[in-house]
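Novice: Got a structure here, written out as structure tokens. Questions coming.
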Amino acid sequence: MKSFTRIEDTNPGECCNHCDVKASIKVGKQSLCEDHASVVALHEVLTHSSVRHRLPDRRTCHTVRVVWRDSDEYQVSIGFAQNGTVREVFTKGSKVGSDMDAQLDDTCVLLSRLLQFGDSIQDLAKSLGREGADPHTKTETESPVASLIGKIANAAAAEETIFGAQIAKFHNADQNN
């Protein structure tokens, strides 16, 4: 596994190797912003996991509307396994071909793969950053999420809480008939 080191005030003007945002995390020799570091972290987890649980070709999917920062609206499609757990997330709403569209597509693929390798959406939603939260204690659970992907994960977790048991019950009844 790669080591992730927070950049303190040693290089205050250093920018991310992938964009023009100020770097805050060092991964090996790369300086990364929070967004790119989270993608690298997800990749590290994926490459060290065991078995991917593929979803059936036909599966239950809900699409919900997510509003970010009171202005940007996204459509989030949430795919469920037969046991009612969220196993994939896809997002649309950014201008096609834009940097944000590419980042959301890639981040949702990584999030979906984490879910298919056994992580729960509930745990992932709780693990993502929150504004104003102390990173050591994480006591401010009511703080707003710090990123759009956090908002998407929270929406998927809420859908699983609301519909997961009903989806599992439906598939169990269908198998018994």
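Novice: With θ set to phi - 60° and the Karplus curve 6.51 cos²θ - 1.76 cosθ + 1.60, what are the ³J(HN,Hα) couplings of region 67-77 in order, to the nearest whole Hz, using x for Gly and Pro?
Specialist: 10, 10, 6, 6, 9, 8, 10, 10, 9, 10, 9
Novice: Using θ = phi - 60° and the Karplus relation 6.51 cos²θ - 1.76 cosθ + 1.60, list the HN-Hα couplings for region 146-156 in order, rounded to whole Hz, with x at every Gly or Pro.
Specialist: Each residue's phi maps through the Karplus curve to give 8, 9, 4, 5, x, 5, 5, 4, 5, 5, 5 Hz.
Novice: Using the 10 angstrom Cβ neighbour count as an exposure proxy, how do Asp35, Asp72 rank, fewest first?
Specialist: Ascending Cβ contact count within 10 Å gives the list Asp72, Asp35.
Novice: Enumerate the amide H contacts of Thr60 below 5 Å, restricted to partners 5 or more residues apart or on another chain; note that Pro and chain-start residues carry no placed amide H.
Specialist: Answer set, sorted by chain and number: Phe80.
Novice: Can you give me the convex hull volume of the Cα atoms of region 61-176, divided per residue and expressed in Å³? Kindly include the intermediate steps, with their values, before the conclusion.
Specialist: On the way: hull volume 13.4 nm³, N = 116.
Roughly 116 Å³ of hull volume per residue.
Novice: Quick one: grab the alpha carbon gyration tensor of region 77-135, order the square roots of its eigenvalues as a ≥ b ≥ c, and give me rounded if a/c is under 1.5, else prolate or oblate depending on whether a/b is larger than b/c.
Specialist: Oblate, since a/c reaches 1.5 and b/c is not below a/b.
Bear in mind that the values in this text are calculations on the coordinates, not laboratory data. Fair warning: this is a prediction, and the values are worked out from it, not measured in the lab. So basically every Cβ, Gly included, is an ideal-geometry build from the backbone, and we count neighbours across all protein chains shown.
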